Amino acid sequence: MGSVRAKKHLGQHFLTDKNTASRIVAALRPGLLGYDTVLEVGPGMGVLSDFIVRDARFQTYLIDIDIESVAYLQERYPQLGERLISGDFLALPFGDYFGGKLALIGNFPYNISSQILFKVLEERHRVVEVVGMFQKEVAERCVAQPGSKTYGILSVFVQAYYDVEYLFTVKAGAFNPPPKVLSGVIRLTRNSIVELDCDEKLFWRVVKAAFNQRRKTLRNALSAVVTKDRMPESPLLDLRAERLSVDEFVALTNAIHKKLA
């Protein structure tokens, strides 16, 4: 069995450190959260996959866009059959493969890490847990709290539906080829919010507009969403986006919705 060449255009940095791989897989909690299906995104040469496939608790699925990786993995794990998917995770029709709850795991390609998280949010009724490695900067944005400079759109959207924990940092030497940045492993656990207590589409518009002009107060930043003459009376509008918690963004969305109705 040969090896797979890491491709720059796919953002591939293959994890080679087995201790790190073992720690990532050990962070999954199928018993606690009531799932057995695990989907690994971008398995590459199977360093994480080895631990998942061997674990009898898991019904393992792998998806990779790299045809060379898929051929390598087919030879390595013939028992997976159709559970080894050749394709783009971002375009994966979850409903065609998964009927119930599942977890997502991966050393995620850094060039599409935000898109991966937005895909998770789209599938939040199915994805109950995510354990993944991201560029450290992205991992820190996911866990950032209001008032922090790293708190932004991703922080609000992810924390609206998931509890997020920063687990550990991984140095560049754990990969081949080594990335120019540190990596961070985080765990997302689905919270109890089925739907936000507001118009969710308006919530997304409000949050995006707020952070797109994050240096302005919300009264000015949100003028693209609601005209100044219809701005609600809210002390939150005198703050900048980075000061507001998820709950405060929900409250502000409701106040704006009343004015737009």
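The values are calculated or read from the model by the stated rules, or taken from the named source; none is laboratory data. Just so it is clear, the structure is predicted and the values come from calculations on it, not from any experiment. Here the Cβ is made from the backbone with ideal geometry for all residues, glycine too, and neighbour counts use every protein chain on show.
What the table shows:
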| item | result |
| --- | --- |
| Selection within the range 212-261 - of a type in the set (Asp, Glu), under 26 Å from the mean Cα position of the chain (by Cα) and loosely packed, with under 13 Cβ neighbours inside 10 Å | Asp247 |
| The lone exception for Ser155 - which of (1) free of Cβ contacts under 8 Å to residues at least 60 places away in the same chain; (2) polar (S, T, N, Q); (3) assigned to a loop (DSSP other than H, G, I, E, B) it fails | (3) |
| Residue in the range 170-193 that is out of contact with any strand residue (DSSP E or B) (no Cβ under 8 Å at 6 or more places or on another chain), buried (at least 16 other Cβ atoms within 10 Å of the Cβ) and assigned to a helix (DSSP H, G or I) present | no |
| Residues of the range 137-152 satisfying the condition of being crowded, with 17+ Cβ neighbours inside 10 Å and either without any contact (Cβ under 8 Å) to a residue 40 or more places away in the chain or not in a loop (DSSP other than H, G, I, E, B) (or both) | Val138, Ala139, Glu140, Arg141, Cys142, Val143, Ala144 |
| Every pair of residues 6+ apart whose Cβ atoms lie under 7 Å, when the first sits in the range 61-81 and is polar (S, T, N, Q) while the second is not in a strand (DSSP E or B) | Ser69/Val4; Ser69/Pro43; Ser69/Gly44 |
| Residue list for the range 19-42, restricted to those being free of Cβ contacts under 8 Å to residues at least 60 places away in the same chain and touching a Leu at 6+ places or on another chain (Cβ under 6 Å) | Ala21 |
| Among (1) touching a Gly at 6+ places or on another chain (Cβ under 8 Å); (2) assigned by TED's automatic domain parsing to the domain that holds Asp17, the one test that Leu182 misses | (1) |
| Hits in the range 92-110 (condition: of a type in the set (Gly, Ala, Ser) and either crowded, with 23+ Cβ neighbours inside 10 Å or in a loop (DSSP other than H, G, I, E, B) (or both)) | Gly99, Gly100, Ala103, Gly106 |
| Candidates Arg214, Arg243, Arg219, filtered to the one that is of a type in the set (Lys, Arg) and more than 18 Å from Ser148 (Cα to Cα) | Arg219 |
| Selection status of Ser183, without any contact (Cβ under 8 Å) to a residue 12 or more places away in the chain and under 26 Å from Ala103 (Cβ atoms) | no |
| Any hit, the range 88-98, residues being in contact with a strand residue (DSSP E or B) (Cβ under 7 Å, 6 or more places away or on another chain), under 22 Å from Phe134 (Cβ atoms) and not hydrophobic (A, V, I, L, M, F, W, C) | no |
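The rows are residues; the columns are (1) in a loop (DSSP other than H, G, I, E, B); (2) closer than 15 Å to Met133 by Cβ; (3) at pLDDT 90 or above; (4) assigned by TED's automatic domain parsing to the domain that holds Pro179.
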| residue | (1), (2), (3), (4) |
| --- | --- |
| Ser3 | yes, no, no, no |
| Asn19 | no, yes, yes, yes |
| Gly31 | no, no, yes, yes |
| Arg57 | yes, no, yes, yes |
| Val70 | no, no, yes, yes |
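Yes or no, residue by residue, for (1) within 12 Å of the chain's Cα centre (by Cα); (2) within 22 Å of Thr20 (Cα to Cα); (3) of a type in the set (S, T, N, Q):
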site	(1), (2), (3)
Glu75	no, no, no
Ser86	no, no, yes
Leu90	yes, no, no
Phe98	no, no, no
Met133	yes, yes, no
Tyr151	no, no, no
Ala160	no, no, no
